[in-house]
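Reviewing the structure listed below.
The values are calculated or read from the model by the stated rules, or taken from the named source; none is laboratory data. Keep in mind it's a predicted model, so treat the numbers as computed, not measured. Note: ideal-geometry Cβ built from the backbone for every residue, glycine included; neighbour counts use all protein chains shown.
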Amino acid sequence: QKEVEQDPGPLSVPEGAIVSLNCTYSNSAFQYFMWYRQYSRKGPELLMYTYSSGNKEDGRFTAQVDKSSKYISLFIRDSQPSDSATYLCAPGGDKLTFGTGTRLAVRP
Amino acid sequence: NAGVTQTPKFRILKIGQSMTLQCAQDMNHNYMYWYRQDPGMGLKLIYYSVGAGITDKGEVPNGYNVSRSTTEDFPLRLELAAPSQTSVYFCASSPPHREPYEQYFGPGTRLTVT
């Protein structure tokens, strides 16, 4: 079993849609749950993170962690074409374990 | 600050050739990392370093070597290039003792081995 599983997509949605991106993980020692965004041919950049179970909101983005089921989610409200990118979940601590990434396309 | 810089941006190597991928950061970060990213495979950690003079293997270290003589630089060496090393290589850094250890990535080096 992979340490982090993420549906690779691609996911295509119309502008304004609510997007749900998900990961599962197997290592209960993971302390932080990061979401990185990677535009085509660029390096990943940190979008947001959570430390414990529950929700964290930042503008149109909400990160959610359920440690009991080892499930990580990222929700994007009112999606925009500029959100078109690959989203990588990365649980861990001083070292991160990256999911394969979900490619998202938001159609105008 | 330039952040994390990587050179070269692109490189084509022949099988058996050697090269060094350069990585530098100007943020005074102690932690530095090398990843490779293959299509559909996510980022795999090759080597990492927690400070000058200290390096350790990651998940996929075979075929690579690193050194860390200064805080700023963390070069990755490929000694005998193989087609399996065709990939995009990312260097990252993060500040020490400052959770959640946010990693800042460079723009990547696209390497093709033929």
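With a requirement of 1 or more residues that are more than 9 Å from every other protein chain (Cβ to nearest Cβ) and under 24 Å from A:ALA90 (Cβ atoms), the strands (runs of 3 or more DSSP E) lying completely within the range B:4-114 that satisfy it span B:4-7, B:19-25, B:31-38, B:42-51, B:54-57, B:64-66, B:76-78, B:87-94, B:109-113. Evaluate the range B:27-36: report whether one residue or more is within 21 Å of B:THR114 (Cβ to Cβ) and either buried (at least 21 other Cβ atoms within 10 Å of the Cβ) or at pLDDT below 95 (or both). Scanning the range B:27-36 turns up at least one residue that is within 21 Å of B:THR114 (Cβ to Cβ) and either buried (at least 21 other Cβ atoms within 10 Å of the Cβ) or at pLDDT below 95 (or both). In the set (1) under 10 Å from the mean Cα position of the chain (by Cα); (2) closer than 19 Å to B:THR114 by Cβ; (3) of a type in the set (S, T, N, Q), B:GLN22 fails one condition alone, (2). Looking across the range A:78-108, not a single residue is within 12 Å of chain B (Cβ to nearest Cβ) and farther than 30 Å from B:TYR48 by Cα.
Here A:PHE75 meets each of (1) over 26 Å from B:VAL4 (Cβ atoms); (2) within 14 Å of another protein chain (Cβ to nearest Cβ); (3) at pLDDT 95 or above with one exception, condition (2).
Among the residues of the range B:61-88, those that are within 12 Å of the chain's Cα centre (by Cα) and among the aliphatic types (A, V, I, L, M) comprise B:VAL66, B:LEU76, B:LEU78, B:VAL88. Confirm whether A:TYR49 is within 30 Å of B:SER49 (Cα to Cα) and in contact (Cβ under 8 Å) with a residue 24 or more places away in the chain. So A:TYR49 does not fit the description; no.
Within the range A:17-28, is there a residue that is under 18 Å from A:GLY92 (Cα atoms) and within 12 Å of chain B (Cβ to nearest Cβ)? For the range A:17-28, residues under 18 Å from A:GLY92 (Cα atoms) and within 12 Å of chain B (Cβ to nearest Cβ): present. For the range B:86-114, how many residues meet the condition of being surrounded by fewer than 20 Cβ atoms within 10 Å (Cβ to Cβ) and without any contact (Cβ under 8 Å) to a residue 60 or more places away in the chain? The number of residues fulfilling the criteria is 7.
Please go through the range A:93-102 and pick out each residue that is over 16 Å from A:ASN22 (Cα atoms) and of a type in the set (Gly, Ala, Ser).
A:GLY93
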